Amino acid sequence: MSKAPPFKTLRETADLRHLRQIIVGLDEGVILIDPDQTLLWANDAALAMHGVSSIEELGATVDEYRARFRLRYRNNHRLAADDYPVERVVAGDSFSEVVVEVMAAGDEEARWVHQVRSLVLNDADDAEPACLVLIIQDVSARYEAEDRFEQSFNANPAPALICRLSDLRYLKVNQGFLDMTGFQREQVLGKTVYDIDVLRDADQRDLAKDRLAGGRTIPQMEAELQLPGSETRLVIVAGQPIDLDGQPCMLFTFADLEARRKAEGALRHSEERFNRTFRLAPVPMAIGTGDGRLLCEVNAAFAQMTGYGATEIVDRPLRDVGLWDSAALRREIEGAVIGGHVLRDREARIRAKDGGAIDCLVSTEAIPVGDDACVLWVFQDITQRKATEMELVEAIEAVMKDTRWFSRSIMDKLARLRAPRIDSDGPGLDDLTAREREVLALICRGYDDKTIARTLNVAGNTVRNHVARIYAKIGVNRRVGAVTWARARGFDGDAVAIGATEKEDAA
């Protein structure tokens, strides 16, 4: 007596044609398998998902299918023979959403990604399976998109993290985040947002937590990331809900603000040092607007020099204050500042609060203060120096009215003190006529016009005309100036022979 087969085939128990009519138009791929491991039929969708056009190309049996197509998991591990979905369904295994990569035998790269589930059809009167069904979805496009996202996510230099919303654990981290923070990948993956708090000290932390709990977009906000050590890093963080492998997730992206914070800190320290230097500097200084018409701040030395307190001069038009000695001087200096010209030791006279005149050397420098273009004013009080110089000049002029009792060395020293520099491009002795050098020599000897006229035996008007021409040529307007000019050039008049020049007619 022969042994009964373990299964009744579909051919013996049902009308295969009716079943095919039901499933032929489905978008999902369907493969019908007889319990004896024969591939009975496949719809067009299933054939297209394997790149074939007939059941014979797909394989007549499970063994032939396995020989013609190689399957591997998404982690590149090849499926063992018993793990093929067709093998598992024949073995009576029930499964859903198994994802495999499919390639034709001989191919190196996967052509399709299939999501497969099983179905067992039984006769109503028999518990044994009458037909085994594989239901296939082609999810290649979805996984290709996920692969592209994965590659883009990993290659993107912008720091990013992905956490799963169901348990708030980090699923992915890119190299940009690791480089920015110094974390290792294993220190991040699997941790929760409570372990690595990306919203630490966020300026809208409560809003961000509410949005995260609801799976909604988290707007950009500043936060401080705790780094592996004791340091923190200032960032802008934002969150965007996404689906990853069918799971609701949150994509966190970051912008590194640490460089900005350091730059702002350095600028703040620089400004603090400038402010301290400005306030404590012994030189009178002020900061004004870019047009030179207002002062925004003055230091103690400026207040001491002028008598103006900060509240009395700051933010008041200098025209109303009357700081400059004259309206013409004010307009000239304001025009230079507005025109972008830098003043360097420009001699000017200002007026103190009590009306007293102060002679200054004024210098300016354009500086930024916050977002404003300002001018730094520096004043050097030279009032005493100028007074001393004027007293010295007056003394020289007084004694030079009669120089006969001065020694030669004293006269030379006074001349050098009065005019210590000789302009090499200016007039020289050679520019004077012989008669003019005689007149200049007598002036250097201390003679007045009458004595010169008698010595040269000429009219007084003639002497005066000669003197006027000498003044015009050498650029002076006084006798003492002419003597100083001559002495500075080693001309004292003693070596000049008087009377060698012929007598000129009276003017």
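Using Cα-Cα distances under 8 Å and only pairs 6 or more residues apart, what relative contact order does the chain have, in percent? Show your work: numbers first, answer last.
On the way: 803 pairs, mean separation 32.6, N = 507.
Value for the chain: 6 percent.
Could you tell me which of Ile135, Ile23, Pro248 has its Cα farthest along the dipole of the chain towards the positive end, charges placed at Cβ (Lys, Arg +1; Asp, Glu -1), taken about the Cα centre?
So the residue furthest toward the plus end is Pro248.
Assuming a strict under-18 Å limit between Cα atoms, what lysine pair count do you get for the chain once near-sequence pairs (fewer than 8 apart, same chain) are dropped?
On the way: Lys172/Lys191; Lys191/Lys209; Lys401/Lys413; Lys401/Lys450; Lys450/Lys503.
Lysine pair count for the chain: 5.
Report, in debye and to the nearest 20, how large the dipole of the chain comes out about its Cα centre when Lys and Arg carry +1 and Asp and Glu carry -1 on their Cβ.
Approximately 4300 debye in magnitude.
What's the percent breakdown of Cα-Cα distances in the range 195-272 across 5 Å bins, shortest bin first?
Bins of 5 Å from zero give 3, 15, 21, 20, 16, 12, 6, 3, 2, 1, 0 percent of pairs.
Please say if the range 333-398 is rounded, prolate or oblate, where rounded means a/c under 1.5 for a ≥ b ≥ c the square roots of the C-alpha gyration tensor eigenvalues, and otherwise the choice is prolate for a/b larger than b/c and oblate otherwise? Can you show the working numbers first?
Values: a/c = 3.38, a/b = 2.45, b/c = 1.38.
Prolate shape, in that a/c is at least 1.5 and a/b is the bigger ratio.
Arg331 accessible area, nearest 10 Å², 1.4 Å probe?
140 Å²
Given the whole protein assembly as supplied and a 1.4 Å probe, what does the accessible area of Val337 come to in Å², nearest 10?
10 Å²
Per residue of the chain, what 222 nm ellipticity follows from adding -39500 (n - 2.57) for every DSSP H run with n ≥ 4, rounded to the nearest 500?
Roughly -11000 deg cm²/dmol at 222 nm, from the helical runs in the chain.
Could you give me the percent of Cα pairs per 10 Å distance bin for the range 66-133, shortest bin first, beginning at zero and ending with the bin that holds the maximum distance?
20, 46, 23, 9, 1
Any idea of the accessible area per residue across the chain, 1.4 Å probe, to the nearest Å²?
Roughly 55 Å² per residue, with all protein chains present.
Need one value: the accessible area of Tyr447 in square angstrom, 1.4 angstrom probe, rounded to the nearest 10.
Rounded to the nearest 10, the figure is 70 Å².
May I ask you to evaluate 6.51 cos²θ - 1.76 cosθ + 1.60, the Karplus curve with θ = phi - 60°, for each residue of the range 55-63 and list the ³J(HN,Hα) values in order in whole Hz, giving x for glycine and proline?
Those phi angles translate into 5, 5, 5, 5, x, 6, 9, 4, 4 Hz.
Find the Cα radius of gyration of the range 94-187, compare it with 2.2 N^0.38 Å by division, and give the number to two decimals.
Working it through for the range 94-187, the quotient is 1.66.
In degrees, nearest 10, range 0 to 90: what is the angle between the Cα axis of helix 327-338 and the longest Cα principal axis of the chain?
Once rounded, one gets 30 degrees.
Enumerate the calculated ³J(HN,Hα) couplings along the range 152-158 in order (Karplus 6.51 cos²θ - 1.76 cosθ + 1.60, θ = phi - 60°), each rounded to whole Hz, writing x wherever the residue is Gly or Pro.
Running phi through 6.51 cos²θ - 1.76 cosθ + 1.60 with θ = phi - 60° gives 5, 4, 6, 7, 5, x, 6 Hz.
The values are calculated or read from the model by the stated rules, or taken from the named source; none is laboratory data. Here the structure is a predicted model, which means the values were calculated and not measured. Please note: Cβ atoms are built from the backbone with ideal geometry, for glycine as well, and neighbour counts cover all protein chains shown. Note: accessible area is taken over every heavy atom of the protein model, side chains too, but ligands, DNA and RNA are not part of it. Shrake-Rupley method; radii C 1.70, N 1.55, O 1.52, S 1.80 Å.
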